[in-house]
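Worksheet for the structure shown next.
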Amino acid sequence: MASEKEAALAAAPSNSPTIFDKIIKKEIPANVVYEDDKVLAFRNIAPQAPTHILIIPKVRDGLTGLSKAEERHFEILGHLRYTAKLVAKQEELEDGFRVVINDGPQGCIYSFFFLHFTCLNVCHVYLLELLLM
């Protein structure tokens with residue numbers, strides 16, 4: 001069986017349903033922290049930081065990664081970024097947070113393509129603990 005990294009490198013963008021599509025349709029449970037008519041934000045089941053939230057558009061519209069963005073995606077990309085700010089405030093991340101967008105097989109280790117923003121609370125102590133593991 002191929003590793004997740006090998007699967008990501010071999011994967012190609014498609015319109016096939018992903019785990020995120022199933023979460024949007026409520027076919028798979030998720031710990032939702034924010035939802036509106038355009039986006040859904042939920043806690044990562046394998047967090048890499050004390051706060052690790054994924055923010056996804058409810059409609060892909062061909063937007064499988066940031067490199068695939070077209071002018072018609074301008075509004076949803078802005079809405080995703082603004083939602084990251086709302087989620088960070090809701091999560092009380094006043095001291096700062098990171099928003100990460102991985103793109104393409106070399107930019108992330110996912111065997112599926114679905115644009116998502118990651119909102120992280122990464123403190124220096126936690127990073128040091130990760131480095132020492």
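Per-structure values
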item	result
Residues of segment 44-70 satisfying the condition of being surrounded by 15 or more Cβ atoms within 10 Å (Cβ to Cβ) and of a type in the set (D, E, K, R)	Lys58, Arg60, Lys68
Near pairs, Cβ below 6 angstrom, 6+ apart or cross-chain, from segment 84-95 (surrounded by 13 or more Cβ atoms within 10 Å (Cβ to Cβ)) to any residue that is part of a loop (DSSP other than H, G, I, E, B)	Ala88/Phe97
Test: Gly78 is surrounded by fewer than 17 Cβ atoms within 10 Å (Cβ to Cβ) and over 14 Å from the mean Cα position of the chain (by Cα)	yes
Subset tally (residues that are over 21 Å from Ser16 (Cα atoms) and free of Cβ contacts under 8 Å to residues at least 12 places away in the same chain) for segment 46-74	5
Spans of strands (runs of 3 or more DSSP E) in segment 1-113 with at least 1 residues modelled with pLDDT of 90 or more and among the aromatic types (Phe, Trp, Tyr)	32-35, 39-43
Test for Leu120: is it out of contact with any Leu (no Cβ under 8 Å at 6 or more places or on another chain), in a strand (DSSP E or B) and at pLDDT below 90	yes
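The values are calculated or read from the model by the stated rules, or taken from the named source; none is laboratory data. Keep in mind it's a predicted model, so treat the numbers as computed, not measured. We place every Cβ from the backbone using ideal geometry, glycine too, and count neighbours over all the protein chains shown.
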